[in-house]
Each structure stands twice: as C-alpha cells, then as structure tokens.
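Everything below concerns the one structure shown next.
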Amino acid sequence: MDEYTKKLIDILSSTEFGTSRNNFKYEDGIKNLIEGFSNIKKCGARIFFIGNGGSAAIACHMTADYMKNGGMNTYSLYDSAVITCIGNDYGYEQIFARPLSFLASDGDLLVAISSSGRSQNVLNAIQEARDKKVDVYTFTGFDEDNPIRKLGDKNVYVPCHKYGIVESIHNLILQEIVDIITERDGVQI
C-alpha cells in the first residue's frame with residue numbers, strides 16, 4: 001500500500017461524526033446518518049445536495065444516486081441557466097440560497113459539502129434552510145472550527161487540509177450510505 005492510501009485510511013479513521021449533542025465513532029456515525037436519510041426517504045421530503053468545485057461534482061453524483069438507487073426525492077440545484085441567472089442577478093454567493101427560498105419546505109434536507117467549510121454561497125444556503133425549517137447535514141474538512149461545521153444538525157468533519165483527501169472521504173461516506181440503503185430497500189427505478 002502506498003503512502004497516499006495509508007494517509008487516506010488514517011484520516012478516514014479519524015473522521016469525526018457529530019450532532020449538537022453527541023459525537024460518534026465511524027460506525028455509529030454512519031448508522032446515525034443512515035437513520036436520518038431513511039427518515040427523509042420515508043416521509044418523502046426532498047434532499048438538496050450542494051457544494052462548489054469538486055464538492056459540486058460530489059453533490060451532482062449523490063443527487064443522481066440517492067434518487068435512482070436509493071429511491072429518494074432529490075432535487076438538483078445545478079441547472080446552468082439557473083446558476084448563471086442567479087449569479088448574474090443576485091451574486092454568486094446566492095446561487096443556492098435563492099433557489100432554496102422557492103423550492104425548499106419544512107422537513108426537507110440540505111446536504112452542504114464544503115472542503116474548507118467557509119464557502120459563502122453554502123453558508124447563505126444553510127441560513128436559508130434554517131429559515132425554511134430544513135434540516136442540514138454538513139460535510140467539511142480543513143480547520144476544525146470552520147463555520148459550516150458549526151451549523152449542521154449532523155456533521156461530518158475530515159481532519160485534513162488536502163482537497164483530494166477531504167473530497168474522497170466525503171464521496172466515500174455519502175456513497176456508503178446510499179449503497180447500504182439501496183441494499184436494504186432494493187433499487188428504486
């Protein structure tokens with residue numbers, strides 16, 4: 001096994017899962033997230049995945065997998081015409097918050113993915129989610145005290161300052177969750 005893979009595994013085992021009241025080890029953290037996503041699925045609420053750059057790619061991928069395989073009601077905020085319209089008219093920092101103000105409802109879920117935990121457009125989306133009584137799960141890295149990590153109902157924090165490792169672990173955890181739900185419930189096509 002090469003050094004990169006060893007480092008990835010070490011950081012994965014150090015990844016922190018928590019809520020405002022509890023912190024979990026990896027296995028219990030995954031179970032807690034599966035329970036949360038399962039409750040959203042059961043009630044038919046919508047899930048919005050957001051992020052920038054590599055995190056946007058993860059968000060788009062998970063939007064598809066959680067819908068197609070997991071049978072969940074996901075909604076993509078990545079239509080290029082909408083993003084450029086909102087960015088042009090209201091500023092890039094509003095590209096997620098403005099659509100959420102129209103689309104999100106009480107009981108929905110926002111999954112906010114940000115390696116740095118400092119993206120202003122993600123912070124604004126979380127505030128909009130709070131205003132709409134939408135639950136928030138955060139996936140962050142870099143600094144332990146990043147602002148996004150403090151705002152989630154459930155939080156996953158990767159203690160690393162390398163984008164590739166943080167993004168790989170975010171993707172792995174989100175993929176693990178939907179794969180377990182899919183195995184449990186069967187593929188929803």
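The values are calculated or read from the model by the stated rules, or taken from the named source; none is laboratory data. Since the structure is predicted, the reported quantities are computational estimates derived from the model, not experimental observations. Methodologically, a virtual Cβ is constructed for each residue, glycine included, from the backbone with ideal geometry; neighbour enumeration extends over all protein chains shown.
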Scan region 148-162 and report the pairs whose first residue is in contact (Cβ under 8 Å) with a residue 12 or more places away in the chain and under 18 Å from Leu174 (Cα atoms) and whose second residue is of a type in the set (A, V, I, L, M, F, W, C) and part of a loop (DSSP other than H, G, I, E, B), with Cβ atoms within less than 8 Å and a gap of 6+ or a chain change. Cys160/Phe142
Would you please name the residue that is nearest to Gly71 (Cα to Cα), looking only at residues in region 1-30 that are in contact with a Phe, Trp or Tyr (Cβ under 8 Å, 6 or more places away or on another chain) and free of Cβ contacts under 8 Å to residues at least 12 places away in the same chain? Asp28
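Counting only residues that are of a type in the set (Ser, Thr, Tyr) and closer than 28 Å to Glu3 by Cβ, how many does region 135-189 have? Give the derivation first.
The first filter runs over region 135-189 and keeps only residues of a type in the set (Ser, Thr, Tyr), leaving 137-138, 140, 157, 163, 168, 182.
Of the ones still in play, those that are also closer than 28 Å to Glu3 by Cβ are 140, 157, 163, 168.
Number of matching residues: 4.
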Please go through (1) in contact (Cβ under 8 Å) with a residue 40 or more places away in the chain; (2) under 19 Å from Gly53 (Cα atoms); (3) buried (at least 17 other Cβ atoms within 10 Å of the Cβ) for Asn124 and return the number of the only condition it doesn't satisfy. (1)
Which ones in region 92-137 are assigned to a helix (DSSP H, G or I) and of a type in the set (Lys, Arg)? Arg98, Arg130
Among the residues of region 128-136, is there at least one that is touching a residue at least 24 places away in the same chain (Cβ under 8 Å), within 20 Å of Asp28 (Cα to Cα) and among the charged types (D, E, K, R)? yes
Could you please find all residues in region 67-86 being part of a loop (DSSP other than H, G, I, E, B) and either under 15 Å from the mean Cα position of the chain (by Cα) or without any contact (Cβ under 8 Å) to a residue 60 or more places away in the chain (or both)? Met72, Tyr75, Ser76, Leu77, Tyr78, Asp79
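May I ask you to verify whether Ala59 is under 23 Å from Glu16 (Cα atoms), within 15 Å of the chain's Cα centre (by Cα) and either assigned to a helix (DSSP H, G or I) or not aliphatic (A, V, I, L, M) (or both)?
Numbers: under 23 Å from Glu16 (Cα atoms): yes; within 15 Å of the chain's Cα centre (by Cα): yes; either assigned to a helix (DSSP H, G or I) or not aliphatic (A, V, I, L, M) (or both): yes.
Taking the combined requirement at face value, the residue satisfies it.
Filter region 156-178 for residues that are in a helix (DSSP H, G or I) and over 11 Å from Ile30 (Cβ atoms) and give the result.
First, the residues of region 156-178 that are in a helix (DSSP H, G or I): 163-178.
Tyr163, Gly164, Ile165, Val166, Glu167, Ser168, Ile169, His170, Asn171, Gln175, Val178, listed by residue number.
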What about Ser119, is it closer than 21 Å to Val156 by Cβ, out of contact with any Phe, Trp or Tyr (no Cβ under 8 Å at 6 or more places or on another chain) and surrounded by 22 or more Cβ atoms within 10 Å (Cβ to Cβ)? yes
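Only one residue in Lys150, Lys133 is at pLDDT below 95 and among the charged types (D, E, K, R). Which one? Even if it seems obvious, please write down each step before you answer.
Working: Lys133 fails: at pLDDT below 95.
The conditions single out Lys150.
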Does any residue of region 39-51 turn out to be closer than 14 Å to Ala112 by Cα and either without any contact (Cβ under 8 Å) to a residue 24 or more places away in the chain or assigned to a helix (DSSP H, G or I) (or both)? no
Among the numbered criteria (1) at positive phi; (2) surrounded by fewer than 17 Cβ atoms within 10 Å (Cβ to Cβ), which single criterion is violated by Phe142? (2)
